[in-house]
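Novice: Take a look at this one; I'll ask things after.
The values are calculated or read from the model by the stated rules, or taken from the named source; none is laboratory data. Predicted model only: the values in this text are computed from it and were never measured. Heads up, the Cβs are rebuilt from the backbone with ideal geometry, glycines too, and the neighbour counts pull from every protein chain shown.
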Amino acid sequence: MKLCIIGTGYVGLVTGTCFADLGNEVVCVDNNLNKIENLKKGIIPIYEPGLEELVKKNYKNGKLKFSINLKDSVIKSDIIFICVGTPTKKNSNATDLSQIYSVSKKIRNYITSKFKIIVTKSTVPVTTGDEIEKIFLKKKSKKFFSVVSNPEFLREGEAIRDFVYPDRIVIGTSNARSNKILKNLYSPLISKGAKYINTTRRASELIKYASNAFLATKITFINEIANLCEKSNINVEDISIGMGLDKRIGSRFLRAGPAYGGSCFPKDTKAIVTTANKFKTNLSLVKSVIKSNQKRSLLLLNKVNAILKGKVKNKNICFLGVTFKANTDDMRDSSTLVMIPTLSKKGAIINYYDPTGEKNHFKKIKNVTFSKNVKSALHNSDLVIIHTEWNDFKSINFKSLIKKKNFIIYDMRNIYSPSKMKKAKIKYFGVGR
Ligand SMILES: NC(=O)c1ccc[n+]([C@@H]2O[C@H](COP(=O)([O-])OP(=O)(O)OC[C@H]3O[C@@H](n4cnc5c(N)ncnc54)[C@H](O)[C@@H]3O)[C@@H](O)[C@H]2O)c1
């Protein structure tokens, strides 16, 4: 099939590349010229394991193309996937849909007499599909297009695997023709075991938000249980194992740690609450999750303060990992964006290392330095904060790398065993243990 993917970010680039790898003719469009020029040279704008090889392979064999020309790309395609950003609005919890509507208006101009399917892969609030359809109907007849919801569930860091082996593919449309075409497009994944669900467009839009709100709730739940464990001398890891073995609960998203972050959970929980308000429903549970998560970074910072006995000023603090999770370079809503500036304000001297490199976010913050490797980041530390669970941090010989004798480790991901740390005579704190 001939596909046009609009928005070449985490979702669009992975989706376009993977569809090309399945044999489709794909053109990925972005309005960022630099991004498109780089992609043509094989320079990938994001860190996503396995993506670079797949982009290069499919670009070379001609299945994958990059363009800034929306008009030509839409005209030549049968299916158009909208994968642009849907961030939270600046002064409210509502979703900023300006990128979605702006792209929709442009696509509308290029709908000819050949039937096209417009798919929202971006996460969009319930009724957005209805609004897009209205935009099209102002100038085009219904027989030439169909607006379908097909939310994306991939996780950064596992995106290619998640695309190839999704738990489910959700298609929101009541248009039988579109459903048939999309089912055919996804057939290589369905034949590998992916469940295919056809539902209404609104239900499809809500499935995405309800899933993310539920996962955010699960994380927040275990984080709060971890708080209880710390006070009652219980290891939260034991609780996670004991709970997770119950098939009704499951073990995933049950690991205590820092506040959830990233480009999805914080914005999607706020968005579903806003949608519920619009429909005069109170999602009190999700509201409480948002509040609890917002307080979490402060709670962990209080612990840092307690670990350092209130003497943060002039302490050398090393952050291992600053992204919101491992295997991604995404900094959106990472808890380090709260923690590092707060500690800097208190006079800490911060060194950080992240396998995906230096982050601009900290460049203007006083006494914050990026180190090129784990060794130099650790060297002068009084306190090491393991923030992100990168494999690179899982077997460090701290004693040989840190020159200070009484350094302390605060392992926010519970990577290390407290008993082994005790044996090694290293002062160690984890989360919920
Ligand atoms: N990142 C994830 O893990 C993830 C997972 C599932 C769903 N989603 C959803 O997918 C959507 C995209 O997320 P993302 O993380 O890929 O965003 P992103 O910011 O990485 O990418 C968006 C891209 O759209 C481009 N763009 C914006 N306006 C455009 C226009 N008018 N024409 C062409 N290109 C335009 C931007 O330049 C950018 O490259 C969001 O709705 C998000 O909630 C994201």
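Novice: Looking at segment 180-201 only, could you name the residues that are outside any loop (DSSP other than H, G, I, E, B), surrounded by fewer than 16 Cβ atoms within 10 Å (Cβ to Cβ) and of a type in the set (Lys, Arg)?
Specialist: Scanning segment 180-201 gives LYS180, LYS183, LYS195.
Novice: Can you tell which of THR342, THR336, THR328, THR356 is in contact with a Leu (Cβ under 8 Å, 6 or more places away or on another chain), of a type in the set (S, T, N, Q) and within 23 Å of GLY257 (Cβ to Cβ)?
Specialist: THR342
Novice: Within segment 101-135, track down each residue that is in contact with a strand residue (DSSP E or B) (Cβ under 8 Å, 6 or more places away or on another chain), away from the ligand (no atom under 13 Å from the Cβ) and not charged (D, E, K, R).
Specialist: If the condition is that a residue be in contact with a strand residue (DSSP E or B) (Cβ under 8 Å, 6 or more places away or on another chain), away from the ligand (no atom under 13 Å from the Cβ) and not charged (D, E, K, R), then ILE111, PHE115, ILE117, ILE118, GLY129, ILE132 are the ones that fit.
Novice: Of the residues ILE79, ILE75, ILE6, ILE44, which single one is within 10 Å of the ligand (Cβ to nearest atom) and assigned by TED's automatic domain parsing to the domain that holds ASN179?
Specialist: Within the list ILE79, ILE75, ILE6, ILE44, the selection yields ILE6.
Novice: Turning to a different aspect of this structure: With respect to SER98, is the statement that it is under 30 Å from LYS359 (Cα atoms), in contact with a Gly (Cβ under 8 Å, 6 or more places away or on another chain) and either within 10 Å of the ligand (Cβ to nearest atom) or not acidic (Asp, Glu) (or both) true?
Specialist: So SER98 fails the test.
Novice: Where the second residue is outside any helix (DSSP H, G or I) and away from the ligand (no atom under 11 Å from the Cβ) and the first is free of Cβ contacts under 8 Å to residues at least 40 places away in the same chain and lies in segment 29-52, which pairs have Cβ atoms under 7 Å and are six or more apart or on separate chains?
Specialist: The qualifying pairs are ILE36/PHE66; LEU39/PHE66; LYS40/PHE66; GLU52/ILE44.
Novice: Oh, and also: What's the total number of residues in segment 241-262 that are at negative phi, assigned to a loop (DSSP other than H, G, I, E, B) and surrounded by fewer than 22 Cβ atoms within 10 Å (Cβ to Cβ)?
Specialist: Here the count works out to 9.
Novice: Another question, if that's okay. Mind checking which residues of segment 138-180 are of a type in the set (Ser, Thr, Tyr), away from the ligand (no atom under 13 Å from the Cβ) and touching a residue at least 24 places away in the same chain (Cβ under 8 Å)?
Specialist: Once the filter is applied, which keeps residues that are of a type in the set (Ser, Thr, Tyr), away from the ligand (no atom under 13 Å from the Cβ) and touching a residue at least 24 places away in the same chain (Cβ under 8 Å), segment 138-180 yields SER146, TYR165, THR173, SER174, SER178.
Novice: In segment 202-226, how many residues are in contact (Cβ under 8 Å) with a residue 40 or more places away in the chain and within 16 Å of the ligand (Cβ to nearest atom)?
Specialist: The qualifying residues number 13.
Novice: Under the condition of being under 25 Å from ASN314 (Cα atoms) and surrounded by fewer than 21 Cβ atoms within 10 Å (Cβ to Cβ), which residue from segment 411-427 is farthest from the chain's Cα centre (by Cα)?
Specialist: Ranking the candidates gives LYS425 first.
Novice: From the set of residues in segment 1-37 that are in contact with a strand residue (DSSP E or B) (Cβ under 7 Å, 6 or more places away or on another chain) and assigned to a helix (DSSP H, G or I), which is farthest from ILE169 (Cα to Cα)?
Specialist: ILE36
Novice: Oh, and also: For ASN69, only one of the following conditions fails: (1) in contact (Cβ under 8 Å) with a residue 40 or more places away in the chain; (2) surrounded by fewer than 16 Cβ atoms within 10 Å (Cβ to Cβ); (3) within 13 Å of the ligand (Cβ to nearest atom); (4) under 29 Å from GLU358 (Cβ atoms). What is its number?
Specialist: For ASN69, the failing item is (4).
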